[in-house]
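Chemist: A single structure is presented below for examination.
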Amino acid sequence: MPKHALRRVMTATAAAVATLALGLTDAAAHATPDTLDYVALGDSYSAASGVLPVDPTNLLCLRSTANYPHVIATTTGARLQDVTCGAAQTAHFRQAQYPGTAPQLDALDTGTDLVTLTIGGNDNSTFINAITACGTAGVLSGGKGSPCKDKHGTSFDDEIEANTYPALKQAFLDVRGRAPHARVAALGYPWITPATADPSCFVKLPVAAGDVPYLRAIQAHLNDAVRRAAEETGATYVDFSTVSDGHDACEAPGTRWIEPLLFGHSLVPVHPNALGERRMAEHTMSVLGLG
């Protein structure tokens, strides 16, 4: 073959290889999904208050770097902005919870891709009031009867329906307004109590036998309020009623997701432990199709 013909063949081959390489590189770039901009909102169940290690950037919020948002971000490679805060109420989406702590909604913008949140349990102080009232009544009754239910009746449920549910719906609408393109996942609360009383658990969770199902029904009502608010505002509800069954505060270490009121292994009782946070993350990712 003449030299000039050989040069033409080599030049054409080199150009073809370069074009192919460029095409493959460009295809690979488009095949790799963009990193999710992920914002985590919510209360102590989102923050994993009591789980070590503690996030040093805001000690008032008792936020853990092992909370379910961090597990989700690590698994998916998402870019996480975590503004969860222990004791947060729906009101703290719009107003500062502590001096120097911005309203949680401030973390959202039109570029946010994913939002997760667990919120509502602190509105009306539902969780703390119900557990304190029923724990006190349980101790005084020696674990007999249903003294908490007898005294408080439907008061906790009435507050959930009259106040918490509309506040949740407004909070979810506010999230949608700040992050209109985001996928929003509203997580329910994993079970704190078993369905029926376990006498061996009384020392760890001193609730009278008849008040154990009463507390569980209150939590079920709260979760249903979260579900309804999520569905009515275009959010995805992450239901833990089945997957967390058998992992309540009465179970043994290594099985329970929630620490008991007494003799637990967490700095903050009646809250998820590290295992619970991991399981919350895994179930959320399964529901959302992530990971």
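The values are calculated or read from the model by the stated rules, or taken from the named source; none is laboratory data. Here the structure is a predicted model, which means the values were calculated and not measured. Here the Cβ positions follow ideal geometry from the backbone for every residue, glycine too, while neighbour counts run over all protein chains shown. The accessibility values were calculated without ligands, DNA or RNA, using every heavy atom of the protein model including side chains. Shrake-Rupley method; radii C 1.70, N 1.55, O 1.52, S 1.80 Å.
Chemist: Of the residues 207, 243, 226, which single one is surrounded by fewer than 22 Cβ atoms within 10 Å (Cβ to Cβ) and either touching a Lys or Arg at 6+ places or on another chain (Cβ under 8 Å) or touching a residue at least 24 places away in the same chain (Cβ under 8 Å) (or both)?
Modeler: None of the other options fit; the residue is 243.
Chemist: Is it the case that residue 273 is within 21 Å of residue 119 (Cβ to Cβ), touching a residue at least 24 places away in the same chain (Cβ under 8 Å), open to solvent by 20 Å² or more (accessible area, probe 1.4 Å) and under 14 Å from the mean Cα position of the chain (by Cα)?
Modeler: Here the answer is yes, as residue 273 does meet what is asked.
Chemist: Going by what's in this entry, would residue 186 be described as over 15 Å from the mean Cα position of the chain (by Cα) and either farther than 30 Å from residue 141 by Cα or surrounded by fewer than 20 Cβ atoms within 10 Å (Cβ to Cβ) (or both)?
Modeler: When the stated conditions are applied, residue 186 does not pass them.
Chemist: OK, next. Taking residue 94 as the residue in question, decide whether it is among the basic types (Lys, Arg) and under 17 Å from the mean Cα position of the chain (by Cα).
Modeler: Spelling it out, it is not the case that residue 94 is among the basic types (Lys, Arg) and under 17 Å from the mean Cα position of the chain (by Cα).
Chemist: Has the range 46-65 got any residue that is under 14 Å from the mean Cα position of the chain (by Cα) and open to solvent by 50 Å² or more (accessible area, probe 1.4 Å)?
Modeler: yes
Chemist: Could you go through the range 162-180 and let me know if any residue there is open to solvent by 20 Å² or more (accessible area, probe 1.4 Å) and more than 30 Å from residue 113 (Cβ to Cβ).
Modeler: Yes, some residue in the range 162-180 is open to solvent by 20 Å² or more (accessible area, probe 1.4 Å) and more than 30 Å from residue 113 (Cβ to Cβ).
Chemist: Among 71, 83, which is open to solvent by less than 50 Å² (accessible area, probe 1.4 Å), over 14 Å from residue 41 (Cβ atoms) and not hydroxyl-bearing (Ser, Thr, Tyr)? Steps first, please.
Modeler: Details: 83 fails: over 14 Å from residue 41 (Cβ atoms).
The match here is 71.
Chemist: Assess whether residue 287 counts as being within 16 Å of residue 43 (Cα to Cα) and β-branched (Val, Ile, Thr).
Modeler: The answer is no for residue 287.
Chemist: Taking only the range 247-263 into account, find how many residues are open to solvent by 30 Å² or more (accessible area, probe 1.4 Å) and either within 19 Å of residue 131 (Cα to Cα) or touching a strand residue (DSSP E or B) at 6+ places or on another chain (Cβ under 7 Å) (or both). Let's see the steps before the verdict.
Modeler: In the first step, residues of the range 247-263 are kept if they are open to solvent by 30 Å² or more (accessible area, probe 1.4 Å); the result is 247, 251-255, 261-263.
Right, trim to either within 19 Å of residue 131 (Cα to Cα) or touching a strand residue (DSSP E or B) at 6+ places or on another chain (Cβ under 7 Å) (or both) and you get 247, 251, 261-263.
Residues flagged as open to solvent by 30 Å² or more (accessible area, probe 1.4 Å) and either within 19 Å of residue 131 (Cα to Cα) or touching a strand residue (DSSP E or B) at 6+ places or on another chain (Cβ under 7 Å) (or both) within the range 247-263 amount to 5.
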